[in-house]
Every structure is written in structure tokens, then in C-alpha cells.
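Novice: Got a structure for you, written out below as C-alpha cells; questions coming shortly.
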Amino acid sequence: MMADTQLRRWLFLSLVIVCGATSRLAAAQDPYQLLRQSGDGFAQVEPGRTFLFPQDHYPHERFKIEWWYLTANLTGSDGRDYGIHWTLFRQAMNSAPNPGGWQSNQTWMAHAAISTPHGFEFSQRFARGGVGQAGVAVTQQNTFEAWMDDWLWLSDSLAPFPGVLTASTDTHRFKLKLEASDDWVLQGKNGFSQKSDLGQASYYYSQPSIDIAGTIWVDDAPVELAGKGWLDREWSSQPLADNQAGWDWVSLHLSDGSALMVYQLRHDSGEHYISGSWVSESGEVTVLEAGDVTMTPESTTQLTINSAVGGKQRSSIKEIPLDWRVRAPKLGINISVTTDRPHSWLATVFPYWEGPVRVQGSHQGVGYLELTGY
Amino acid sequence: MTRVTLVTLATTLAFYRQNPLQALFVLVGLVLGCGLYTAVAQINASAEASYAEADQILGISAQWRITDRVSTEVAISDYIRLRRAGFTHFYPVIEKRLVSADGALISIIATDLLALPFTGGGVGSGDDSALENSPFGGDGWSRLTQPPYEAWVPSQTAARLAVTEGQQIRLREGKRLPPTVIRSQAQQRDQIFIDLGAALSLFETERVSYLAAPPLTEAEQQRFFDQFGSRLMLSKQSEALDLSQLTQSLHTNLTALGLLSFVVGTFIVFNAVNFSLHARQQAFGVLQDLGAARRAIVVAIATESLIWAVTGAVLGTLLAQPLSAALMPAVAATMQNIYGASVSSLPMFNTGLFWEALLLAFAGLSLALVLPLLRATAMSPNESNARDETLFSRQDAALAVVGLALLLLAYVCYPKASSVLQGFALLSLILFAGVALLPITVLSVSALSRTVIRRHWLARWALADVSHQFPHLRLAMMALLLTLIANIGVTSLVGSFRLALTDWLETRLSADFYVTAGVMETESLVGQDWIRAAHRRAVAERSYADRTMTVVGIDVDAPDFGPDSIIEATPAAFARWSVGGVGVDRVFANEQLKYLAGVEVGDTLELETELGLRPFEVLGFFHDYGNVNFSLYLPSERFKQLYASAEPQGWGIWVQDNQHAAAELGLSQLGLQPSQWVSQRDVLALSLTIFDRTFAITRALNALTLLVASIAIFSSLLAVYQFRRTEYALWRSLGMSWFGFFAVLGFPIVLMTAVVMALSLPLGFLLSWLLIHKINVISFGWTMPLVVATEPIVFLFVVVAMVVLAAFVLASMRQQVAVNDALKSLAGE
């Protein structure tokens, strides 16, 4: 373990040195500054883009940042609730054309997090692009593949579904079969998802209805799982405005078969930028804008965050809003979103809270809540 | 402390105010002794700290190392396969030791920082500013990983190589490192870090030196073996990588030299203290008459020594800083060249060392004080002088017995010494036996000479004076003897090693050119009339007795390995090796196998080959200097059958006489770039330069101990003259000429120095023989013939003679003035 600690210390030092020279103090204090940095030189997100599938399932290297984001609410053969989230982030380090190979300007980061009745465990990985260690690409068998090391999403076709996702954390691992239709939900205005009145935006589409079956091994003990998942695909060159501290995002599977996604980007002024979508059971999409939907915290929870820095343990207290009220009056939605898994903080390089939630009120249901910038 | 004690202390200390030179000698002895000891301790601590880090971080650190079963390097594609199979704690490392265009040694380490084991658990809580500086932020990462890349050079390395920020270090073969960025971090030591991508591009390769991994569970090891065991090898590098163990002998050697300096420093202190106590005897008597108890005098002197010890330790520690900083690069070079270990070239200070120095100073001072103090306080000045001679005679006889006993003990212990520490204990026995035998030898020589030279009155007087001067100079001569033995021992060792290494390198590098692997096919060489011979070796790595075993395929007619290269062989070994054996393969082994694994000529080893487990009969041994691994030489034809997939190394090309220019032209015409071949003559010259640089530390410490010994002689001479000043004044008043005066004073010094030199020769050779045949074998597993080179010893003796002469002249000049003053005072002027 000592060796591990030393290795981490080496990495930390290295990371500090890698970026220390150029990072401004403000950036050093807020990891999300990356998302606020100007995307000059990169391709810009503009309205009116036509989405092409399966091409858009693959990387858009001319944009600065991109992610493949899966969350799943699952029930185990033991009758208890399990939550899984797995993400793959791509970042272009500069706007120059990608030389590929060991000179690639693409970097990858991946997170796997597993919420079980016994606790929460997550893992974070990094890899450089171009060398085969991570990426999203077409396999030699002409199928979709997204991977980092041995974390692998491999499908039977050029689209992500049907596919199999295998990943792990330190003591848990899972293998999930993912099935969904080819009906993709283009968020915002035909996939143009505005994040601020200042023009920040992303291209954003989702698959809110993924049927999942599989197995999770908790300390090598298998538990069969089944349930619903949600995939978000998003790419941008500057998703956050300077005056936005972070975002609150929720994706919910409601008991009537519909799906609701709402996010709000928190402004310093207190007037948040809110947006969302409601997908009916039949697949009709209703775009939700300010005035259509509200998302209000009802109470906050104090969390003790433990982290290891250079081999030293540190603790800090965070005040996180884990109970929410979501209202969409036109859709007759007035729900409370709560969690019984408050300890779902990912103390990663880009830290955030991401965990399974329960829906009560006008609708019942389950889903995932994501809170960043706290 | 009572008022009486304070007054006593003030009175005793007043002596040093009146005799600043004496104060200087006490101080010089303590400061030099403590300073050298602390400097060496700091160097050792710094190197050991580097090893401790090396065990835990990059490169050699990793507890596990993954290598290719057949190639000396690992393909990047294999690394990616491992990562994709879930071995996410494995990371690639390129390590190279190169030479800059200026001939400076450069150690390069490259890895993929993002691939280092990183569990992510608890990495960032969002409130830690250090952690947000991820490669996902800023453009630092792209500067490191994309052309023109960056070379992170620690500041001390940059100073050594004289490079500044932005400069590109040019390598010997013409390539340039990425622009320098001066970065210092503890774990980087003296290595230059570059990104793995930059290294692959710079070295034009798709392979890395090895993969490293932190601790692996048994299940992980088994899974690795099941999935990759046929192609890759997982080894826990306890042997080559346990640097602390591997380098123990060098550090023990350095510590021994440091302690030797301290011992010699203590001799200086002893003389100075002895003199100061002697000179103050009257004052002590007056103090006692005035009512000061003997105890108060003892307490005052003890307090005085405490003050000296603290001053000596503080100044010694201060002196140690520039001294260790000056010596450390030489140690770092030694580590790098002999052990392949990268250590920081910055010495490490810790407060523990100061307390150690203080303790040592106090202990040394106490030792130096015990005898003089007992005498000074127990006897009157007259008694003291009267007893001096008888006391020393008895002591000398007892010492001679001790000396003989020590030699006997060394003889008995010799076969049993099996560790570096025991080996050095053996050396100490020899050193101290020499010291103990010195008085009786000097006095015997003097007595013997007196029986031979009966007629010449001046000569007889001078010889008689030996027994008067020797008691005062005894310790200084002992110090000189210790220094000379150590000097001759180490000089002979280094000289023997240099000669053996030169011979060995001249054979190993007998080819005129070495062409890089993979750039020239066999067919290209056909019909080139400038070629006299061309051969290449092939290498496969296996494991034997928990150590890496390199099996090398060699052409039987290659000029760089022949019958002359074999030591301890069976009859007609080379011929039998060349034709091979039936049912058993015949090999030559490096002598490391003999000394470290107990293999003898005629033994059979079982080794894994690509055709399964095979027996190998050892026909003889060969020298393999500097290799920490085992090695077997197998005829290349047979090697190709047993290790079919092993890649051949580069070509060694022997050129026809006077065809050098044609050869270089020929190589160019074959399409080779100048960077793809090297002249072996340059390599040989470079190797020897590196060798000399490596042993710079030994030379520096030798010179420093010699300096300390010289000061000991000078201070002793001053002391003896001071003691006998009245006597000398009497000689002059009786009409003795200055010539006669200096002849009587000088001859004993010459005789004593000659005896010391004569005694140091056999003991020095004995020491180097032990260093070569005991310490070297225990530490490295190889030995070499002891070669006695007269030139450095003559040089050493000339230096010593000049130093002693200078000390004598300096002391005598003071003496001449002092005797004149004494005469004037006798005459009542």
C-alpha cells in the first residue's frame, strides 16, 4: 500500500507540475473552470445541426469536451436497490488537428460508481488517446466499442445498443446487457442544448429507456440485476458560462412509463438557467424551458467528505441539497426527489455527487441525481 | 556549578586565549574529524533515501517488473494488451543511460504519467487546490506530450550539465532531447524525465525498457501467468533492485573512511589536549594550592571538553555541508555507473546527524582526555616526565602483543567472514594491528641502528633522540600509518580494477564499430572487403537462484571472446564449448555464478529454454565486471535452436588494418545514418573516463585523510618542541650548531616516517588483497588479479615525505625563534 501511496504522490506532483505553470489560481481552486474556458479555436456549438446516427455516437474531436454517460436504477435478485453509473469523458487538449498515436492531443477520463445496499464505491481512470488504451471507436467487427483499459462497452452493431457493459471498482464488478430502441431523444432544440443566455451550449441527445439485465459481483458474490438505464451523449467546447458555479441535473423514470430530465445551471446571481425534457411512454418529447419547470432544493444534508491527498487523509464537510421539489405544472408533475443513499460523493479530480433517487408525489419513480460545483 | 569550579574553568580556558595555536589544533582536529564523518554520513543518508524512494516509485522502484521472455524490451502493443486485460496497475517505463555531446552522463526516465496506478478513491474533494490541476485542465499536458515536448531536468542535474531553461541537451550521437524545463522534485533524483511518447519518438522504437507494477496479489500474479506467462515474465526484482543491499559495501567503505578521518582527527585532538594539559600543570598546581578541589579541576576540564565538543560538532556540521555537496556528485556517478542506481546529487541534512557528530566529538574528546587527565591531575610535572619513558615502554610491549593478537585473530576470522560488515571488521583488525605494532617497530629499528652505527656521535645522538620524540609523535605516526595503509589499499584496489577492467573492455570492445540492432542485414556485409570479421550476439533472459540470468549466444570465432577470456576452466574447455555437447549443453558462466550461487566448474544447471527445461554444464568462468546478473555464454548456433525467438543484438564489426575511413564510407553506402554506428574506441575511452569519474570519491577521501594526517604530524611536532623547549635551549647554550640541532631533531622524524612507510606497504597490500578477494566477492560476486602499481605508491610516499618535511620545517622555524627567545630569557636579557 505504501508503494501505491507513493505512486499517487508522484502522480499528484506530476499533475500539479503538468498544469501548474499555466493554471491560474482561480482554475486551481475550481476544477470546473475547465468547462468555462473559452473554446476559441475549437468547433462551436450552433443551432440547426443535423444529427447523424450512428456517426454521432463516436467522438467529435474538433470539440473540446464530450461524454458518454450511463446511469441505471436496478433491482437485485435479493429484492434490493442497486445503482450504477459509468461515464467516459474525452477532452481535446488543444484545437490543433489530432496527430494521433503517442502524440495525440486527446485525453480520456472514466468513472465507474456502484451504489449497493451496503455502500458506495467508485473508481476513476485516466488514459491518453491514440494509443489504444481508451476511446470510442468502430471495432474490426464493425461494431460500437467504448473502453478504457478493461472497462468495455461493446455492442453488436454500430450503435451502442444492444450491447454489453463490463466495468469494475476496487471490490465490485458488473456486467450488464443493455437494450434500447434506436429512438434517440434530441435534447433542447433538436439537440442544441443551451446552457446560458451568454451563448454557452452543447449538443445533447439521450436514450432514456434502456432495458438492463445483468450481474453485479459484490466482493465476488454475484447478484442478478434488472432495471432501467439512461444514456446521455453530450459534446461542447464551452458548456459553462463564467458566472455559473455548477449544475443540478436529474433524470427520472416515472411510474406512468414517461421519463423526465431537468437541469439547472446555477448562476452567481441566484437566477438559474433551467431546461429539461419530458418523454411520454409513447416517445413524444416535450421540451421544458424556464417557466415550464422548476427545480427547488427542499433541504440540505451535511456530508463528511474523506479524501486522500499525497498519502494524507483529509476530511471536509459539505452542505449538499439532496431533497428536491420538481414541478412542471403543465404536465401535472409535482414531485419530491429524495435519496436514501446520501453518501454518493465522487471524490474524483472533478468531484461531484451522483446517486440514485426515489420519486414521490404526483408521480412515483426512480432516477439519478447529479450535483456539481458544490 | 560552584563558584570555585567557575573560577577554575575560567583559569583553564584562559590557556587557549594565551595559546591560540593550541586552540586551533583542538578545533581543527574536531572540526575535520566531525566534518568528514558528517559529510560521509550525509552522503550515505542521501543515497539511502534515494534507494528507499526507488523501492517505492518509478522504475526500479516497482516491486514487480514485467519483461519479455525473449526480447530485452517489451512491445508497447503487449502493454496495451495487458491494460485491456485489466492489469491497470502496470505502467510502461523507458530508462536509458546516455552520454551527452559534452561527455556528461545522462539518465533518462520516461513513462506515461496518466498510466501510473491511480485508484481515484478519495482523490479530490473539490476543495483541494493541488488536485484540480489535472491533465484535463490547462495546456501543460499537451506541452509535455506533444512535439517539441518537454524534458524535466532537476535543478542540480541542470547545473551539472550546464543547461538552462529552454535549451536542448544534445546527445553524443547527435540527437537532441526536448527543450529543458527545470523542475525539481524529490523522487526524480538525478534523472531527466520525458513523456513516454517523446521517448518512443526520440529513440525511434515501439518498445519500452520494462513494465512496472506495485504489489500484486497472488490471484493477480496467477491471472498474469495464465494469460501472458508464455510471452512475458513477471519478476519480483529483489536482487538487482535491492539497492540498499547492493550498495552496502560502498557505503560501508565510505563510512569506514569517514570514521578513519574521525580517528585521525581524534589523534590531533589527543596531542593538542595532551599538550594543553601538560602546559597547564603548573596552573593546576596553583589552583589546588589556592584551595580548588581536584574534583573542581576535573569538572572544569570536563566542561571545557563539552564546550569543545559542541563547537567542534557545530563547525564540523557546517563544514560537512559544502564538503558533502562537493563529494556527492562523485558518489552519484559511482552509484549510476556501478549499480545503475539513480541517486540525488544533493546531500541530505538531518538533525540526527548533528547529534551523532556531537556524541562522536564528545566521545573522541573524552578518549583523548582520559590518559592525559589522569596523569595531569594525579602527578606532579616532574613525576610525569620521569614516568613517561617507562610507561611508554611497557605500553609499547603490550601494544605489540595486542597487534600480534589482532593479526592472529584476523587470520582465524578470514575464512568465516561472509558479509560486508564482517569483511570490514577484518580490515579493521589489520589496520589496528598495524597501529599497535608501530611503536615496537620504530623503537626496534632505532635500537638496531644504534648497534650498527656506533662511531658517528651525531648519528648516535639523533638515534637516541628517537626514543625521546617518539612518545610525543606516536599518535601522529599511528594516524599517518592508518592513512597510508588505507591509501595504499584503496589505490591498489582501484588500480587493479582499472587494469582488469581495461583489459576486459579491450577484449569486449575489440570490434572497431558497433552497428545498432535492426538496421543492417547479414547480406549487406557480404563482399565488403574492409570487413575483417562481423559478429553479433543474441540474448535471452531467464531467472536463476532469484536473480536474472542472461543467456548470450556468441559466435565461437568472435574475436571478443576466446580461450584467453576464460578463467578456471576444465581442460580444453574452449574447444569443447565450441563443438557443443551431447545431451547436455556446454556453457561458460560469469564468475558471479561461482561466488553468489556457489556454482563450480563441472556443475550442471537446469534452465528454461524454448525447447523446455535443459541441462547446461559449466566448463569455466569469465570475468564480467559490473554485471549484477548471472550470465551464461552459449555458442550461437546452439543458442538459435534453444532460443529461436530471441532477437539478435547489433553487429560488432572488425575492420581490416588501415581501412577505418573505408569502413565508415562503406557503412554510409549501406544506407546507415552516422547515429546508427559507434566507434568502439570512443566507447572504450568513454568507459574509462566514466571509471575515473566513478572513483573520484575514493581519491577525494584519500586526499582528505592525508590532509588530516599531515595536520596531526604538524601539531605533534609543535607539541614535542614545546615540551622540550628548555632542553633545546640548553643544547644551543652548550654550543650546538643549528645544523646539528636540526639533524638531531629531524633525523627521528625521517626514521619514523620511513618505518611508517615500510610498515604501510605490506599492510596496504594485505588490505587491498582483502578488499579484492573478500569484500569485492561478497559485494559483487567477482574478483580480479591484484596488481601492485609502484607509480601511485611512490607518488604517495613522495607526497607524504614532502608533507612531513613541510611540517618539520614549519615547526622548526617556530622552534628556532622560540629557542632563541628561551636562550635570551635564560641569559636574563
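Novice: With charges only on Cβ, +1 for K and R and -1 for D and E, what is the dipole size of region B:520-671 about its Cα centre, in debye, rounded to 20?
Specialist: 160 debye
Novice: Roughly how many debye, to the nearest 20, is the charge dipole of region A:41-156 about its Cα centre, given +1 on each Lys and Arg Cβ, -1 on each Asp and Glu Cβ, and no other charges?
Specialist: That gives region A:41-156 a dipole magnitude of about 380 debye.
Novice: Give me the inter-chain shielding for B:589-602: mean count of other chain Cβ atoms within 10 Å, whole number please.
Specialist: Average per residue, whole number: 0.
Novice: Next question. Pick out, from A:Q313, A:N142, A:L154, the residue whose Cα sits farthest towards the positive end of the charge dipole of chain A, with +1 on the Cβ of Lys and Arg and -1 on the Cβ of Asp and Glu.
Specialist: After comparing all options, I get A:Q313.
Novice: I need to check one value: relative contact order of chain A, counting alpha carbon pairs closer than 8 Å and at least 6 residues apart, in percent.
Specialist: Here the relative contact order equals 14 percent.
Novice: To continue, here is another question. With a cut-off of 8 Å between alpha carbons and a minimum separation of six or more residues, what is the relative contact order of region B:567-641 in percent?
Specialist: Relative contact order for region B:567-641 comes out at 41 percent.
Novice: Give the long-range amide H neighbours of A:I305: residues separated by 5 or more places, or on another chain, with amide H under 5 Å away, using H modelled in the peptide plane at 1.01 Å from N.
Specialist: Hits under the 5 Å cutoff: A:S316, A:I317, A:K318.
Novice: Could you identify which residue out of A:G188, A:G83, A:G41 has the top mean-square fluctuation in a GNM of chain A using Cα springs shorter than 10 Å?
Specialist: With Cα springs under 10 Å in chain A, the top fluctuation among A:G188, A:G83, A:G41 is at A:G41.
Novice: Tally Lys and Arg at +1 and Asp and Glu at -1 over the other residues with C-beta under 15 Å from the C-beta of B:Y16: what net charge comes out?
Specialist: Cβ neighbours under 15 Å give a net charge of +1.
Novice: With +1 on each Lys and Arg Cβ and -1 on each Asp and Glu Cβ, how big is the dipole of region A:24-372 about its Cα centre, in debye rounded to the nearest 20?
Specialist: Computed charge dipole of region A:24-372: roughly 720 debye.
Novice: If you don't mind, another one. When you look at the Cβ of every residue in B:479-487, what mean number of other chain Cβ atoms sits within 10 Å?
Specialist: Mean number of neighbouring Cβ atoms from other chains: 0.
Novice: Sticking with this structure for a sec: Looking at the square roots a ≥ b ≥ c of the eigenvalues of the Cα gyration tensor of region B:572-654, which shape do they give, rounded for a/c under 1.5, prolate if a/b is larger than b/c, or oblate?
Specialist: Verdict is rounded for region B:572-654.
Novice: Another one. If you average over every viewing direction, what projected area does the convex hull of the Cα atoms of region B:520-671 give, in nm²?
Specialist: Answer in nm², one decimal: 10.1.
Novice: If you take each beta carbon of peptide A:121-128 and count the beta carbons of other chains within 10 angstrom, what is the mean?
Specialist: Mean shielding by partner chains, rounded to a whole number: 6.
Novice: Need one number: the % of Cα-Cα pairs in region A:222-374 sitting beyond the 22 Å mark.
Specialist: So the portion of pairs separated by more than 22 Å is 45 percent.
Novice: For region B:520-671, what does the relative contact order come out to in percent, with C-alpha contacts under 8 Å and a separation of six or more?
Specialist: Once normalised by length, the contact order is 35 percent.
Novice: Let me ask something additional. What's the extension gain from B:L409 to B:D682 if we count 0.36 nm per residue and subtract their Cα-Cα distance?
Specialist: Roughly 93.5 nm would be gained on extension.
Novice: Shape verdict for chain A, please, from the Cα gyration tensor: rounded (a/c under 1.5), prolate (a/b greater than b/c) or oblate.
Specialist: rounded
Novice: Starting from the Cα gyration tensor of region B:528-568, multiply each eigenvalue by 5, take the square root, and state the resulting semi-axes largest first in whole Å.
Specialist: Rounded to whole Å, the semi-axes are 27, 15, 5.
Novice: What ranking of B:Y414, A:Y82, A:Y374, B:Y37 emerges when the number of other C-beta atoms within 10 Å of each C-beta is taken as an exposure proxy, fewest first?
Specialist: Fewest-to-most ranking of B:Y414, A:Y82, A:Y374, B:Y37: B:Y414, A:Y374, A:Y82, B:Y37.
No lab work stands behind these numbers, since they all come straight from the coordinates. Owing to the predicted nature of the structure, the values given are computational and were not obtained by experimental measurement. Note that we place each Cβ from the backbone using ideal geometry, even for glycine, and neighbour counts take in every protein chain shown.
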